[in-house]
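The values are calculated or read from the model by the stated rules, or taken from the named source; none is laboratory data. Fair warning: this is a prediction, and the values are worked out from it, not measured in the lab. Every residue, glycine among them, receives a Cβ derived from its backbone with ideal geometry; neighbour counts consider all protein chains shown.
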Amino acid sequence: MMPHRPHRLLPLFLLAAAGLARAGGTAPAPSVLAQVAPVQQRTLEETLTVYGKVEPDPERLHALTTLSAGEVSRLYVGLGQRVASGQPLLALATAPQARMAYAQARARVDSARTQLAQTRDLFGEQLATRADLANAQQVLRNAQAELASLQAQGAAAAARVLRAPEAAVVTQLDVTPGALVQPGQPLLMLGAQDHVWVRLGLEPEDAARVRPGMAVRLVPVFGGRTTAGRIAQVHAVINPATHLVDAVVRLRGAAAIALVPGSWMRGVIRVRVQRALAVPRGAVLSDAQGDYVFVAERGHARRVAVRTGIEHGGWIEVRGALRVGQPVVIAGNYELHDGMAVRIAAGPAR
(Lines give C-alpha, C1' and ligand atoms only; values in the text may rest on other atoms or scores of the structure.)
Protein backbone atom coordinates (compact mmCIF):
# COMPACT_ATOMS: atom_id res chain seq x y z
CA MET A 1 0.00 0.00 0.00
CA MET A 2 1.38 3.38 -1.10
CA PRO A 3 1.79 6.23 1.42
CA HIS A 4 -0.71 9.22 1.27
CA ARG A 5 0.54 12.49 -0.37
CA PRO A 6 -0.93 16.02 0.04
CA HIS A 7 -3.05 17.20 -2.93
CA ARG A 8 -0.97 19.25 -5.32
CA LEU A 9 -3.73 21.92 -5.77
CA LEU A 10 -3.86 22.85 -2.11
CA PRO A 11 -0.95 25.34 -2.23
CA LEU A 12 -2.59 27.19 -5.13
CA PHE A 13 -5.86 27.47 -3.25
CA LEU A 14 -4.10 28.82 -0.17
CA LEU A 15 -2.20 31.39 -2.20
CA ALA A 16 -5.43 32.66 -3.80
CA ALA A 17 -7.13 32.90 -0.44
CA ALA A 18 -4.20 34.81 0.98
CA GLY A 19 -4.33 37.25 -1.95
CA LEU A 20 -7.99 37.99 -1.35
CA ALA A 21 -7.36 38.47 2.32
CA ARG A 22 -4.60 40.99 1.64
CA ALA A 23 -6.88 42.94 -0.77
CA GLY A 24 -9.34 43.37 2.08
CA GLY A 25 -11.59 45.69 -0.11
CA THR A 26 -15.05 45.49 -1.72
CA ALA A 27 -16.06 45.81 -5.42
CA PRO A 28 -16.42 49.47 -6.57
CA ALA A 29 -19.97 50.91 -6.64
CA PRO A 30 -21.52 50.94 -10.14
CA SER A 31 -21.87 54.28 -11.95
CA VAL A 32 -23.47 55.47 -15.21
CA LEU A 33 -22.02 57.76 -17.85
CA ALA A 34 -24.67 60.44 -18.37
CA GLN A 35 -25.17 63.62 -20.36
CA VAL A 36 -26.90 66.56 -18.70
CA ALA A 37 -28.59 69.83 -19.70
CA PRO A 38 -29.70 72.73 -17.50
CA VAL A 39 -33.30 73.46 -16.61
CA GLN A 40 -34.36 76.58 -18.54
CA GLN A 41 -37.09 79.20 -18.47
CA ARG A 42 -38.53 79.15 -22.00
CA THR A 43 -41.45 80.43 -24.03
CA LEU A 44 -43.46 77.41 -25.12
CA GLU A 45 -46.30 77.18 -27.64
CA GLU A 46 -49.16 74.72 -27.54
CA THR A 47 -50.19 74.03 -31.12
CA LEU A 48 -52.88 72.08 -32.91
CA THR A 49 -52.21 70.63 -36.36
CA VAL A 50 -55.20 70.33 -38.70
CA TYR A 51 -55.84 70.00 -42.44
CA GLY A 52 -58.12 71.65 -44.96
CA LYS A 53 -58.58 73.00 -48.48
CA VAL A 54 -58.29 76.33 -50.26
CA GLU A 55 -61.63 77.67 -51.53
CA PRO A 56 -62.77 80.83 -53.30
CA ASP A 57 -64.10 83.35 -50.81
CA PRO A 58 -67.91 82.88 -51.01
CA GLU A 59 -68.37 86.57 -50.27
CA ARG A 60 -66.45 87.39 -53.48
CA LEU A 61 -68.07 84.87 -55.86
CA HIS A 62 -69.66 86.39 -58.97
CA ALA A 63 -72.26 84.43 -60.94
CA LEU A 64 -72.34 85.48 -64.59
CA THR A 65 -75.87 85.33 -66.07
CA THR A 66 -77.75 86.76 -68.99
CA LEU A 67 -80.92 88.85 -68.86
CA SER A 68 -82.10 87.78 -72.31
CA ALA A 69 -82.39 84.50 -74.17
CA GLY A 70 -79.56 83.59 -76.51
CA GLU A 71 -77.06 81.07 -77.80
CA VAL A 72 -73.46 80.61 -76.62
CA SER A 73 -71.47 81.13 -79.80
CA ARG A 74 -67.98 80.92 -78.30
CA LEU A 75 -66.18 80.19 -75.02
CA TYR A 76 -62.92 82.01 -74.36
CA VAL A 77 -62.09 80.39 -70.99
CA GLY A 78 -62.00 77.00 -69.30
CA LEU A 79 -62.77 75.73 -65.82
CA GLY A 80 -60.08 76.74 -63.33
CA GLN A 81 -58.54 79.37 -65.59
CA ARG A 82 -57.28 82.66 -64.17
CA VAL A 83 -58.68 85.71 -65.95
CA ALA A 84 -57.81 89.39 -65.83
CA SER A 85 -60.25 92.23 -65.34
CA GLY A 86 -62.02 92.95 -68.65
CA GLN A 87 -60.90 89.69 -70.27
CA PRO A 88 -63.50 88.11 -72.65
CA LEU A 89 -65.28 85.12 -71.15
CA LEU A 90 -67.87 84.08 -73.74
CA ALA A 91 -69.73 85.37 -76.79
CA LEU A 92 -73.53 85.26 -76.73
CA ALA A 93 -75.77 85.59 -79.79
CA THR A 94 -79.10 87.23 -78.94
CA ALA A 95 -82.13 85.00 -79.51
CA PRO A 96 -84.39 86.00 -82.47
CA GLN A 97 -87.35 86.42 -80.11
CA ALA A 98 -85.43 88.96 -78.05
CA ARG A 99 -84.36 90.85 -81.18
CA MET A 100 -87.97 90.92 -82.35
CA ALA A 101 -89.19 92.20 -78.97
CA TYR A 102 -86.61 94.98 -79.15
CA ALA A 103 -87.66 95.96 -82.67
CA GLN A 104 -91.31 96.04 -81.64
CA ALA A 105 -90.51 98.17 -78.58
CA ARG A 106 -88.59 100.66 -80.71
CA ALA A 107 -91.53 100.86 -83.15
CA ARG A 108 -93.87 101.58 -80.23
CA VAL A 109 -91.60 104.42 -79.11
CA ASP A 110 -91.64 105.93 -82.60
CA SER A 111 -95.43 105.59 -82.79
CA ALA A 112 -95.95 107.12 -79.33
CA ARG A 113 -93.68 110.03 -80.23
CA THR A 114 -95.68 110.71 -83.40
CA GLN A 115 -98.96 110.43 -81.51
CA LEU A 116 -97.76 112.90 -78.90
CA ALA A 117 -96.79 115.42 -81.59
CA GLN A 118 -100.23 115.16 -83.19
CA THR A 119 -101.98 115.54 -79.83
CA ARG A 120 -99.97 118.70 -79.11
CA ASP A 121 -101.06 120.17 -82.42
CA LEU A 122 -104.69 119.36 -81.70
CA PHE A 123 -104.38 120.77 -78.19
CA GLY A 124 -103.03 124.00 -79.64
CA GLU A 125 -106.08 124.23 -81.88
CA GLN A 126 -108.31 123.39 -78.92
CA LEU A 127 -109.34 120.12 -80.60
CA ALA A 128 -107.84 117.94 -77.82
CA THR A 129 -108.18 118.15 -74.08
CA ARG A 130 -105.44 118.45 -71.51
CA ALA A 131 -106.24 114.85 -70.46
CA ASP A 132 -105.61 113.68 -74.06
CA LEU A 133 -102.21 115.39 -74.00
CA ALA A 134 -101.26 113.84 -70.63
CA ASN A 135 -102.32 110.40 -71.87
CA ALA A 136 -100.16 110.69 -75.00
CA GLN A 137 -97.17 111.72 -72.87
CA GLN A 138 -97.67 108.71 -70.58
CA VAL A 139 -97.86 106.30 -73.52
CA LEU A 140 -94.49 107.63 -74.78
CA ARG A 141 -92.88 107.29 -71.35
CA ASN A 142 -94.08 103.67 -71.06
CA ALA A 143 -92.75 102.78 -74.50
CA GLN A 144 -89.38 104.40 -73.75
CA ALA A 145 -89.11 102.50 -70.44
CA GLU A 146 -89.80 99.19 -72.19
CA LEU A 147 -87.17 99.95 -74.84
CA ALA A 148 -84.58 100.89 -72.17
CA SER A 149 -85.26 97.63 -70.35
CA LEU A 150 -84.67 95.55 -73.47
CA GLN A 151 -81.50 97.51 -74.20
CA ALA A 152 -80.21 96.78 -70.68
CA GLN A 153 -80.89 93.08 -71.30
CA GLY A 154 -78.71 93.16 -74.39
CA ALA A 155 -81.51 92.67 -76.87
CA ALA A 156 -80.36 95.65 -78.95
CA ALA A 157 -77.24 93.84 -80.19
CA ALA A 158 -77.21 90.79 -82.42
CA ALA A 159 -74.30 89.43 -80.36
CA ARG A 160 -72.30 90.53 -77.36
CA VAL A 161 -69.20 89.49 -75.43
CA LEU A 162 -69.38 89.04 -71.66
CA ARG A 163 -66.20 90.10 -69.81
CA ALA A 164 -64.69 89.50 -66.37
CA PRO A 165 -65.58 92.30 -63.92
CA GLU A 166 -62.31 91.75 -61.97
CA ALA A 167 -59.25 89.50 -61.79
CA ALA A 168 -60.71 86.11 -60.94
CA VAL A 169 -60.64 82.33 -61.31
CA VAL A 170 -63.31 80.42 -63.22
CA THR A 171 -64.65 78.15 -60.47
CA GLN A 172 -67.72 76.84 -62.28
CA LEU A 173 -68.63 76.50 -65.99
CA ASP A 174 -72.25 75.64 -66.78
CA VAL A 175 -72.46 76.04 -70.57
CA THR A 176 -70.80 74.83 -73.76
CA PRO A 177 -70.64 76.38 -77.25
CA GLY A 178 -74.01 76.07 -78.97
CA ALA A 179 -75.99 75.94 -75.74
CA LEU A 180 -79.29 77.84 -75.66
CA VAL A 181 -79.69 79.91 -72.51
CA GLN A 182 -82.67 81.57 -70.90
CA PRO A 183 -82.87 84.85 -68.95
CA GLY A 184 -81.33 84.48 -65.49
CA GLN A 185 -79.64 81.16 -66.28
CA PRO A 186 -76.12 80.82 -64.72
CA LEU A 187 -73.37 80.71 -67.31
CA LEU A 188 -70.24 80.52 -65.18
CA MET A 189 -68.97 81.41 -61.71
CA LEU A 190 -65.97 83.61 -60.94
CA GLY A 191 -64.04 83.74 -57.68
CA ALA A 192 -61.83 86.75 -56.91
CA GLN A 193 -58.13 85.87 -57.23
CA ASP A 194 -57.06 87.96 -54.26
CA HIS A 195 -59.69 86.65 -51.81
CA VAL A 196 -59.66 83.01 -50.67
CA TRP A 197 -60.70 80.91 -47.70
CA VAL A 198 -58.75 78.06 -46.16
CA ARG A 199 -61.37 75.81 -44.56
CA LEU A 200 -59.67 73.75 -41.83
CA GLY A 201 -61.28 70.73 -40.16
CA LEU A 202 -61.24 70.50 -36.34
CA GLU A 203 -62.04 67.40 -34.34
CA PRO A 204 -65.23 68.19 -32.36
CA GLU A 205 -63.37 67.82 -29.04
CA ASP A 206 -60.79 70.41 -30.15
CA ALA A 207 -63.26 72.99 -31.49
CA ALA A 208 -63.81 74.62 -28.07
CA ARG A 209 -60.06 75.34 -27.78
CA VAL A 210 -59.93 77.35 -31.02
CA ARG A 211 -61.19 80.92 -31.17
CA PRO A 212 -61.29 83.67 -33.83
CA GLY A 213 -58.09 85.70 -33.84
CA MET A 214 -55.71 82.80 -33.07
CA ALA A 215 -52.55 82.76 -35.20
CA VAL A 216 -52.14 79.92 -37.68
CA ARG A 217 -49.31 78.84 -40.00
CA LEU A 218 -50.48 77.43 -43.33
CA VAL A 219 -48.24 75.09 -45.35
CA PRO A 220 -49.22 73.35 -48.62
CA VAL A 221 -49.36 69.59 -47.97
CA PHE A 222 -47.33 68.84 -51.09
CA GLY A 223 -44.71 71.50 -50.44
CA GLY A 224 -44.59 75.25 -50.78
CA ARG A 225 -44.22 78.52 -48.95
CA THR A 226 -45.56 78.98 -45.42
CA THR A 227 -48.31 81.59 -45.08
CA ALA A 228 -49.26 83.31 -41.83
CA GLY A 229 -52.90 83.96 -41.05
CA ARG A 230 -55.51 84.10 -38.29
CA ILE A 231 -58.66 82.17 -37.56
CA ALA A 232 -61.61 84.23 -38.79
CA GLN A 233 -64.51 81.90 -37.99
CA VAL A 234 -65.13 78.74 -35.97
CA HIS A 235 -68.42 77.14 -36.96
CA ALA A 236 -70.82 75.73 -34.40
CA VAL A 237 -71.98 72.66 -36.34
CA ILE A 238 -70.29 69.59 -37.81
CA ASN A 239 -69.72 69.67 -41.56
CA PRO A 240 -71.71 66.67 -42.90
CA ALA A 241 -69.18 66.12 -45.70
CA THR A 242 -66.08 65.90 -43.46
CA HIS A 243 -67.64 65.10 -40.03
CA LEU A 244 -65.39 67.84 -38.62
CA VAL A 245 -65.99 71.38 -37.35
CA ASP A 246 -64.92 74.05 -39.85
CA ALA A 247 -62.47 76.80 -38.89
CA VAL A 248 -61.97 79.43 -41.59
CA VAL A 249 -58.84 81.44 -42.38
CA ARG A 250 -59.36 84.38 -44.76
CA LEU A 251 -56.43 85.43 -46.96
CA ARG A 252 -56.17 88.59 -49.04
CA GLY A 253 -53.83 90.06 -51.64
CA ALA A 254 -50.59 88.35 -52.66
CA ALA A 255 -51.00 85.57 -50.07
CA ALA A 256 -54.33 84.61 -51.63
CA ILE A 257 -53.11 84.85 -55.25
CA ALA A 258 -50.24 82.45 -54.46
CA LEU A 259 -52.68 79.67 -53.46
CA VAL A 260 -54.60 77.45 -55.86
CA PRO A 261 -58.27 76.79 -54.98
CA GLY A 262 -58.77 73.11 -54.29
CA SER A 263 -55.26 72.50 -52.93
CA TRP A 264 -54.74 70.84 -49.54
CA MET A 265 -53.17 72.78 -46.67
CA ARG A 266 -51.79 71.90 -43.25
CA GLY A 267 -52.61 74.44 -40.56
CA VAL A 268 -50.69 74.76 -37.30
CA ILE A 269 -52.88 76.75 -34.89
CA ARG A 270 -51.19 78.43 -31.91
CA VAL A 271 -53.60 77.57 -29.11
CA ARG A 272 -51.57 78.83 -26.12
CA VAL A 273 -48.23 80.55 -25.38
CA GLN A 274 -46.62 80.82 -21.95
CA ARG A 275 -43.29 81.10 -20.09
CA ALA A 276 -42.42 78.03 -18.03
CA LEU A 277 -39.62 75.88 -16.66
CA ALA A 278 -38.65 73.40 -19.35
CA VAL A 279 -36.27 70.52 -19.96
CA PRO A 280 -35.37 68.56 -23.12
CA ARG A 281 -38.06 65.98 -23.85
CA GLY A 282 -35.65 63.08 -23.34
CA ALA A 283 -35.07 64.05 -19.70
CA VAL A 284 -38.60 63.06 -18.64
CA LEU A 285 -39.26 59.41 -17.74
CA SER A 286 -42.43 57.71 -16.53
CA ASP A 287 -43.28 54.73 -14.37
CA ALA A 288 -46.10 53.59 -12.12
CA GLN A 289 -45.44 56.52 -9.78
CA GLY A 290 -45.73 59.13 -12.52
CA ASP A 291 -43.37 61.39 -14.46
CA TYR A 292 -39.90 62.20 -13.13
CA VAL A 293 -36.42 63.46 -14.02
CA PHE A 294 -32.98 62.78 -12.60
CA VAL A 295 -30.95 65.74 -11.31
CA ALA A 296 -27.16 65.19 -11.21
CA GLU A 297 -25.79 66.57 -7.92
CA ARG A 298 -22.41 65.87 -6.26
CA GLY A 299 -21.78 62.89 -8.52
CA HIS A 300 -25.10 61.20 -7.79
CA ALA A 301 -28.53 61.08 -9.44
CA ARG A 302 -31.51 62.34 -7.49
CA ARG A 303 -35.00 61.49 -8.68
CA VAL A 304 -37.42 64.44 -8.79
CA ALA A 305 -41.14 63.96 -9.47
CA VAL A 306 -42.60 66.39 -12.02
CA ARG A 307 -45.84 67.22 -13.75
CA THR A 308 -45.56 67.93 -17.47
CA GLY A 309 -47.32 70.53 -19.60
CA ILE A 310 -46.80 72.08 -23.03
CA GLU A 311 -44.38 70.31 -25.35
CA HIS A 312 -42.81 72.38 -28.12
CA GLY A 313 -39.68 72.21 -30.25
CA GLY A 314 -38.11 69.31 -28.35
CA TRP A 315 -38.71 70.94 -24.93
CA ILE A 316 -41.41 70.13 -22.39
CA GLU A 317 -42.84 72.14 -19.52
CA VAL A 318 -42.14 70.67 -16.06
CA ARG A 319 -43.54 71.60 -12.66
CA GLY A 320 -41.86 70.26 -9.53
CA ALA A 321 -38.95 70.82 -7.14
CA LEU A 322 -36.68 72.23 -9.84
CA ARG A 323 -35.00 75.56 -10.45
CA VAL A 324 -33.36 77.24 -13.42
CA GLY A 325 -29.84 75.96 -14.10
CA GLN A 326 -30.10 72.59 -12.36
CA PRO A 327 -28.47 69.83 -14.46
CA VAL A 328 -30.97 67.17 -15.49
CA VAL A 329 -29.88 63.92 -17.11
CA ILE A 330 -30.89 63.73 -20.76
CA ALA A 331 -28.90 60.66 -21.88
CA GLY A 332 -28.20 57.57 -19.79
CA ASN A 333 -31.16 58.22 -17.50
CA TYR A 334 -32.82 54.88 -18.37
CA GLU A 335 -29.98 53.13 -16.49
CA LEU A 336 -30.26 55.24 -13.34
CA HIS A 337 -32.02 54.80 -10.05
CA ASP A 338 -32.30 57.23 -7.14
CA GLY A 339 -28.92 57.86 -5.49
CA MET A 340 -26.85 56.05 -8.12
CA ALA A 341 -23.40 57.43 -8.97
CA VAL A 342 -23.08 59.29 -12.28
CA ARG A 343 -20.19 60.37 -14.41
CA ILE A 344 -20.90 63.46 -16.52
CA ALA A 345 -20.06 63.03 -20.20
CA ALA A 346 -18.76 65.96 -22.20
CA GLY A 347 -21.31 67.04 -24.77
CA PRO A 348 -22.67 70.05 -26.60
CA ALA A 349 -24.58 72.54 -24.46
CA ARG A 350 -28.32 72.57 -25.05
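Structural remarks
- Any hit, region 95-118, residues being within 30 Å of residue 66 (Cβ to Cβ) and outside any helix (DSSP H, G or I): yes
- Residue under evaluation residue 29, criteria (1) under 30 Å from residue 94 (Cβ atoms); (2) of a type in the set (A, V, I, L, M); (3) at pLDDT below 90, criterion not met: (1)
- Taking residues in region 87-104 that are at pLDDT 85 or above, and partners anywhere that are assigned to a strand (DSSP E or B) and among the hydroxyl-bearing types (Ser, Thr, Tyr), the pairs with Cβ atoms closer than 7 Å and at least 6 places apart or on different chains are 91/73; 92/73; 93/73.
- Residue match in region 146-156 (condition: part of a strand (DSSP E or B), touching a residue at least 40 places away in the same chain (Cβ under 8 Å) and either under 30 Å from residue 55 (Cβ atoms) or in contact with a strand residue (DSSP E or B) (Cβ under 8 Å, 6 or more places away or on another chain) (or both)): no
- Of the strands (runs of 3 or more DSSP E) that lie entirely inside region 181-270, those containing 1 or more residues that are modelled with pLDDT of 95 or more and within 14 Å of the chain's Cα centre (by Cα) span 195-202, 215-220, 227-239, 244-252.
- Which numbered condition residue 226 misses (of (1) loosely packed, with under 13 Cβ neighbours inside 10 Å; (2) farther than 26 Å from residue 168 by Cα): (2)
- Here residue 126 meets the list (1) on the phi < 0 side of the Ramachandran plot; (2) of a type outside the set (Gly, Ala, Ser); (3) out of contact with any strand residue (DSSP E or B) (no Cβ under 9 Å at 6 or more places or on another chain) almost entirely, failing just condition (1).
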